[in-house]
Amino acid sequence: MAASEFIVLGLGAMGSAAAFQLARRGREVLAIDQFSPPHTFGSSHGETRITRCAIGEAPYYSPLALRSHEIWRDIEAETGANLLTITGGLILSSPARTARLHVDDFFANTVAAARRYGIAHELLDTGQIRRQFPQFRVRDGEQGYFEPGAGFLRPEPCVAAQLQLAKRFGAEIRTNERVHRFEPLADSVLVHTSHDTIRTQRLILCAGPWLPQLIGPRYGALFRILRQVLFWFGVRDAGPYRPENCPVYIWELQGPDRAIYGFPAIDGPAGGIKIATQQYETTTTPDSVEREVSPSEISAMHRLIAPFFAGLTDHCIKAVTCLYTQTSDSGFVICPHPDSDRVIIASPCSGHGFKHSAAIGELLADVATGAAPRMDLSPFSLSRLL
Ligand SMILES: Cc1cc2nc3c(=O)[nH]c(=O)nc-3n(C[C@H](O)[C@H](O)[C@H](O)COP(=O)(O)OP(=O)(O)OC[C@H]3O[C@@H](n4cnc5c(N)ncnc54)[C@H](O)[C@@H]3O)c2cc1C
């Protein structure tokens with residue numbers, strides 16, 4: 001029977017980072033994915049992900065984002081890949097907001113995190129936002145948090161670069177091989193795939209939206225899989241939306257019940273600007289999700305956003321679906337499986353995991369190898385959701 005000290009199941013943002021971090025420590029790693037990552041079926045695609053360091057979701061996330069920025073720069077130096085672009089990041093909100101991003105008090109929490117971790121930032125009133133960022137048609141009373149060190153990551157190159165390094169450090173990478181199930185034993189775990197049965201000392205589950213299927217109904221029910229859509233709309237004049245003029249942004253709107261977020265025009269006028277919102281009503285599965293985006297979804301999105309952007313056209317250049325793996329408190333799960341500490345569950349999604357993924361790879365390598373984790377993992381327990 002084949003054997004490997006560690007198996008990483010799933011090679012999106014989290015699994016590619018974990019495989020790389022284990023391999024660079026000289027450990028024996030077998031990394032398996034059912035597709036050939038980076039691919040467009042899970043959660044780690046769509047050209048860009050916002051990264052920011054003062055994290056409004058909860059105070060314990062900022063060290064992960066700060067550490068990830070260091071790792072992304074190291075990976076860029078090692079591979080020559082272009083992963084992290086700093087554009088600044090703008091968060092817009094107001095007491096009259098009707099939309100909410102991830103948690104209550106996201107804006108106030110962000111400001112508190114910036115102060116706590118000494119992250120450079122500016123607070124802007126409505127007039128300052130209008131003068132500095134006229135592309136955003138802010139309403140009276142809206143306020144801004146501007147973080148100059150925020151920006152965006154390129155998810156597909158991030159995954160590819162970490163897999164390249166994992167391989168360079170000796171990891172075996174198997175693609176187009178599906179794990180059907182795993183069997184924890186007293187001294188090991190058996191992993192049954194479409195091609196093989198493999199014995200391992202530790203299995204790290206980085207299965208993204210496929211996680212519920214792998215961990216069974218009791219624990220799987222703690223995660224909701226949500227279809228999200230990313231839109232690229234045209235702009236009449238790309239100038240104000242060029243990366244040097246336009247930060248990444250998150251906007252808790254007044255009026256609509258959904259927050260929006262987006263990016264500058266990273267591919268010039270022809271590429272348009274990528275904008276998205278989030279839905280929490282309808283669940284799906286990665287195997288049954290509707291991957292096509294309908295014309296009515298496009299026109300509904302245009303109606304939602306058009307009042308808020310100067311020079312936006314109704315031409316949708318493209319639209320892509322992507323999946324959130326959502327917990328009830330929008331937090332991550334990074335912990336041993338309740339039935340076997342040889343199996344580690346890594347589900348850092350709820351729509352905000354990418355920016356932390358490089359550091360989560362380090363944490364997963366710590367947990368898997370029995371090293372002291374470099375941060376307290378108790379906020380990420382599965383048991384808090386039971
Ligand atoms: C629309 C959208 C926008 C987002 N925006 C941001 C953002 O701006 N900033 C931010 O920080 N985060 C953002 N996120 C969140 C971030 O992208 C996710 O946290 C992250 O990509 C999750 O990565 P993952 O590795 O857990 O999952 P995935 O990327 O889905 O990887 C899971 C992998 O496991 C494999 N797999 C699953 N089951 C099996 C099996 N049985 N056998 C073999 N292989 C298997 C899959 O093929 C897949 O490759 C966003 C997410 C989405 C969907």
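Worth a mention:
- Set side by side, the residues GLY170, GLY127 differ, and just one is free of Cβ contacts under 8 Å to residues at least 12 places away in the same chain, away from the ligand (no atom under 16 Å from the Cβ) and either in a strand (DSSP E or B) or farther than 16 Å from PHE308 by Cβ (or both), which is GLY127.
- With respect to the conditions (1) open to solvent by less than 50 Å² (accessible area, probe 1.4 Å); (2) within 13 Å of the ligand (Cβ to nearest atom), THR40 falls short on a single one, namely (1).
- Scan of region 138-152 for residues that are of a type in the set (Gly, Ala, Ser), more than 16 Å from the ligand (Cβ to nearest atom) and in a loop (DSSP other than H, G, I, E, B), ordered by number: GLY141
- Residue check for ALA58: in the same structural domain as ARG199 (by TED's automatic domain parsing) and more than 9 Å from the ligand (Cβ to nearest atom): no
- ILE260 fulfils the conditions (1) in the same structural domain as ALA300 (by TED's automatic domain parsing); (2) buried (at least 22 other Cβ atoms within 10 Å of the Cβ); (3) within 11 Å of the ligand (Cβ to nearest atom) except for a single criterion, (3).
- Index of the failed condition, HIS45 passing every other in (1) more than 28 Å from GLU147 (Cα to Cα); (2) modelled with pLDDT of 95 or more: (1)
- Qualifying residue in region 309-322 (condition: touching a residue at least 40 places away in the same chain (Cβ under 8 Å), open to solvent by less than 10 Å² (accessible area, probe 1.4 Å) and outside the structural domain of ARG139 (by TED's automatic domain parsing)): no
Yes or no, residue by residue, for (1) outside any loop (DSSP other than H, G, I, E, B); (2) not hydroxyl-bearing (Ser, Thr, Tyr):
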position: GLU156; (1), (2): yes, yes
position: LEU190; (1), (2): yes, yes
position: HIS195; (1), (2): no, yes
position: THR200; (1), (2): yes, no
position: LEU203; (1), (2): yes, yes
position: LEU211; (1), (2): yes, yes
position: ILE215; (1), (2): yes, yes
position: ARG218; (1), (2): yes, yes
position: ILE225; (1), (2): yes, yes
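- Single match in GLY216, GLY271, GLY255 (criterion: open to solvent by less than 20 Å² (accessible area, probe 1.4 Å) and over 18 Å from the mean Cα position of the chain (by Cα)): GLY271
- Residues satisfying the criterion are present in region 67-81 (criterion: open to solvent by less than 10 Å² (accessible area, probe 1.4 Å), near the ligand (Cβ under 10 Å from one of its atoms) and under 22 Å from LEU364 (Cβ atoms)).
- Among the residues of region 193-222, those identified as of a type in the set (Gly, Ala, Ser) and closer than 12 Å to PHE182 by Cβ are ALA207, GLY216.
- Residues satisfying the stated conditions in region 25-37, i.e. within 7 Å of the ligand (Cβ to nearest atom) and not aliphatic (A, V, I, L, M): ASP33, GLN34, PHE35, PRO37
- Extreme residue, least open to solvent (accessible area, probe 1.4 Å), among residues of region 173-188 that are among the charged types (D, E, K, R), closer than 16 Å to GLY15 by Cα and in a loop (DSSP other than H, G, I, E, B): GLU177
- Number of positions in region 3-13 that are open to solvent by less than 20 Å² (accessible area, probe 1.4 Å) and either of a type in the set (Phe, Trp, Tyr) or near the ligand (Cβ under 9 Å from one of its atoms) (or both): 5
- Of everything in region 139-155 that is open to solvent by less than 20 Å² (accessible area, probe 1.4 Å) and touching a residue at least 60 places away in the same chain (Cβ under 8 Å), the residue that is nearest to LEU253 (Cα to Cα) is GLU142.
Residue by residue, here is whether (1) farther than 30 Å from PHE223 by Cβ; (2) outside any strand (DSSP E or B); (3) more than 13 Å from the ligand (Cβ to nearest atom) holds:
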{"site": "CYS246", "(1), (2), (3)": "yes, yes, yes"}
{"site": "LEU253", "(1), (2), (3)": "no, yes, yes"}
{"site": "PRO264", "(1), (2), (3)": "yes, yes, yes"}
{"site": "VAL289", "(1), (2), (3)": "no, yes, no"}
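- From the options LEU64, LEU90, LEU22, residue that is open to solvent by less than 40 Å² (accessible area, probe 1.4 Å), under 20 Å from LEU363 (Cβ atoms) and away from the ligand (no atom under 13 Å from the Cβ): LEU22
- Scoring TYR219 on the criteria (1) assigned by TED's automatic domain parsing to the domain that holds PRO95; (2) closer than 30 Å to ILE7 by Cα; (3) out of contact with any strand residue (DSSP E or B) (no Cβ under 7 Å at 6 or more places or on another chain) leaves a single failure, condition (1).
The values are calculated or read from the model by the stated rules, or taken from the named source; none is laboratory data. Being a predicted model, the structure only gives us computed values, none of them experimental. Cβ atoms come from the backbone with ideal geometry, glycine included; neighbour counts cover every protein chain shown. Areas reflect the complete protein model, heavy atoms only, side chains present, ligands, DNA and RNA absent. Shrake-Rupley method; radii C 1.70, N 1.55, O 1.52, S 1.80 Å.
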